[in-house]
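**Q** Let me give you the structure first, and then I'll get to my questions.
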């Protein structure tokens, strides 16, 4: 039996939802306060995935200006019906549930159609008789008018779950004459689990699976894979059944185990017992090494670890913190360089307003960039970010201190802002290479001048940026930024390299 290594989409990619069109597979994950929202992936073999774009790319679709840490876009559901892709999701603390449509999952996607049903984690079922059902957390359900989003029935709970807390992530399926309701319980941390029930009617009554939960690692203390849940069931084009779900990898951290890469997307096989109930991964548990699909491998061309900023548009790997100002980012003002601009006194509390971030996908990795930056006054800075959220992050940057150019390392840990190191550098020795070297224990920061002089700025503990310390629902991001608490400033970046 051939195996593969989970996760199929590493790094901060939680709440996966999948749909198949012929022999092509498309997958969406949640994105929270990052813009553009809801990354979309494509695969032909379920193992190799390529990010092809985002569903929410315009301010008119997604306004994140007031979204706090771990606010914004929660779990999406991706479905395909009669030649149209549907992505339904929740903008928490704002406009609630809505959906967008597209003929091409790479975009463009339509303007939102809002749904007058509360809860989170919305999901659609397109039934054989033409009816469309909307199900949200607490397994509340209504029938909707697909053209307008209008509710055709009053929402009502169709199953109270198996007894776990935080009943969420519902997906209703029609399989062999049964309506199966898959959902998550136990909260999205170490008690996470997937449960299922079925009925002959979409309105119930629903019979709980006698083997619930059908997936959990909550009893496997010390296992590297934890928090398994929030799944989406599907049939491959060869007839086999599978599930995508989220889980975390705790890596090689000491007890108590922590995680910082975020909740990631995993894949597991599904079989069916004699009574018609699904069995996940033959054991109801999840592992790194897992039985592989028997589909022919169709990998995508390997992408370069270096982004030279030579393309006319940014790679879909890059995201912004909330909605960006387009005029703050330029790929053509200095060809071959990315120019970041910061307005006068533009800094939000504890975070930059002009930045680009990408997900950290490996415990051990190195990120570096070449920065050309000439600040003229104190309060202007540019450099690299190791970012969990606005209250927990590290910044390695250039700035003016006491009239001299300095390379500095700043640590933001909760309400403690600590300038860990600041070293004067020669203003004539730029541009400067900034580097972050990561392992499961720490981040090491350094700067190198144009004459190859390397300055070690210090290290920061991974543990202080883990979800268990920092809270929230996101994962570690690496990136570049420019900021100003004074006059406007401009910083140029020649490349960004991410090596695992």
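**Q** Take 355, 245, 485, 209 and order them by how many other Cβ atoms sit within 10 Å, fewest up front.
**A** Values: 355 25, 245 30, 485 15, 209 21.
Ascending number of Cβ neighbours within 10 Å: 485, 209, 355, 245.
**Q** Using per-residue counts of other Cβ atoms within 10 Å, averaged over each peptide, order 51-59, 372-380, 164-172 from highest down. Spell out each step's value before the answer.
**A** On the way: 51-59: 19.4, 372-380: 17.6, 164-172: 21.8.
So the order, starting with the most tightly packed, is 164-172, 51-59, 372-380.
**Q** What full-extension length gain, to one decimal in nm, is calculated for residue 237 and residue 200 as 0.36 nm per residue of separation minus the Cα-Cα distance?
**A** On the way: separation 37, 0.36 × 37 = 13.32 nm, distance 2.54 nm.
Result: 10.8 nm gained on full extension.
**Q** Cα centroids of the range 462-500 and the range 232-292: how far apart, whole angstrom?
**A** With the range 462-500 and the range 232-292 each reduced to a Cα centre, they are spaced 30 Å.
**Q** Give me the one-decimal Kirkwood hydrodynamic radius in Å for the range 244-287, with the sum taken over alpha-carbon pairs. Don't jump to the answer; show the numbers that get you there.
**A** Values: mean 1/r = 0.0810 Å⁻¹.
Result for the range 244-287 stands at 12.3 Å.
**Q** I've got another one for you. So for the range 251-387, averaging the separation of alpha carbon pairs under 8 Å that are six or more residues apart and normalising by length, what relative contact order in percent results?
**A** Values: 94 pairs, mean separation 22.9, N = 137.
Relative contact order of the range 251-387: 17 percent.
**Q** I'd like to compare 404-410, 226-232, 194-200, 298-304: which one has the highest average count of other Cβ atoms within 10 Å, and what's the full order after that? Don't skip to the end; give the middle numbers.
**A** Values: 404-410: 19.9, 226-232: 28.4, 194-200: 21.4, 298-304: 9.9.
The most tightly packed comes first, giving 226-232, 194-200, 404-410, 298-304.
**Q** For 395, 463, what's the fewest-to-most ordering of other Cβ within 10 Å of each Cβ?
**A** Numbers: 395 23, 463 16.
In increasing order of surrounding Cβ atoms, one gets 463, 395.
**Q** Would you please put 3-12, 453-462, 418-427 in order of how densely packed they are, using the mean number of other Cβ atoms within 10 angstrom per residue and starting with the highest?
**A** Working: 3-12: 19.9, 453-462: 16.7, 418-427: 14.0.
Averaged packing, sorted descending, gives the order 3-12, 453-462, 418-427.
**Q** Helix-only estimate, please: 222 nm mean residue ellipticity of the chain, summing -39500 (n - 2.57) across DSSP H runs of length 4 or more and dividing by its residues, to the nearest 500.
**A** Numbers: 1 runs with 4 residues, N = 500.
So the calculated ellipticity at 222 nm is 0 deg cm²/dmol.
**Q** Once you order the gyration tensor axes a ≥ b ≥ c over the Cα atoms, which shape class does the range 306-499 get: rounded for a/c under 1.5, otherwise prolate or oblate by comparing a/b with b/c?
**A** Values: a/c = 1.26, a/b = 1.14, b/c = 1.11.
It is rounded, given that a/c, with a ≥ b ≥ c, falls under 1.5.
**Q** A further question on this structure: How long is the gain from residue 82 to residue 106 if the chain were fully straight, where each residue apart is worth 0.36 nm and the alpha carbon distance is subtracted? Don't skip to the answer; put the middle values down first.
**A** Values: separation 24, 0.36 × 24 = 8.64 nm, distance 1.74 nm.
So the chain would gain 6.9 nm between residue 82 and residue 106.
**Q** Output the relative contact order of the chain, whole-number percent, from Cα pairs under 8 angstrom with separation of 6+ residues. Working shown, then result.
**A** Values: 1375 pairs, mean separation 69.1, N = 500.
It rounds to 14 percent for the chain.
**Q** So for 192, 393, fewest C-beta neighbours within 10 Å to most, what's the order? Working shown, then result.
**A** Numbers: 192 28, 393 23.
The order, fewest Cβ neighbours first, is 393, 192.
**Q** Shifting gears a bit: Assuming R0 = 22 Å, can you tell me the calculated FRET efficiency for the pair residue 463 and residue 220, based on Cβ-Cβ distance, to the nearest 0.05? Walk me through the numbers on the way to the answer.
**A** Working: r = 22 Å, r/R0 = 0.99.
Approximately 0.50, to the nearest 0.05.
**Q** Sticking with this one: Using only the Cα atoms of the range 253-380, build the gyration tensor, take square roots of its eigenvalues as a ≥ b ≥ c, and label the shape rounded, prolate or oblate: rounded if a/c is under 1.5, else prolate if a/b is larger than b/c, else oblate.
**A** Details: a/c = 2.89, a/b = 2.12, b/c = 1.36.
Prolate.
**Q** (i) 20; (ii) 13; (iii) 28: which one is percent of Cα pairs over 42 Å apart as calculated from this entry?
**A** The value matching this structure is (i).
**Q** Give me the one-decimal nm value for the distance between modelled label points at residue 423 and residue 150, 7 Å along each residue's Cα-to-Cβ direction.
**A** Those two pseudo-labels are separated by 6.8 nm.
**Q** Quick check: pseudo-label points 7 Å beyond the Cα along Cα→Cβ at residue 497 and residue 289, how many nm apart are they?
**A** 3.3
**Q** Can you give the FRET efficiency to the nearest 0.05 for residue 362 and residue 174, using r as the Cβ-Cβ distance and R₀ = 51 Å?
**A** 0.80
**Q** In nm, to one decimal, how far is the residue 416 label point from the residue 378 one, both placed 7 Å along Cα→Cβ?
**A** So the two model labels end up 2.4 nm from each other.
**Q** Viscosity 1.567 mPa s, temperature 4 °C: Stokes-Einstein D of the range 3-291 from its Kirkwood Cα radius, in µm² per second? Don't jump to the answer; show the numbers that get you there.
**A** Numbers: Rh = 18.9 Å.
Rounded to a whole number, D works out at 69 µm²/s.
None of the figures in this text is laboratory data; all of them are computed from the coordinates on show. Note that the coordinates shown come from a computational prediction; the quantities given were computed from them, not determined experimentally. Neighbour counts are summed over all protein chains in view; Cβ atoms, including those assigned to glycine, are modelled from backbone coordinates with ideal geometry.
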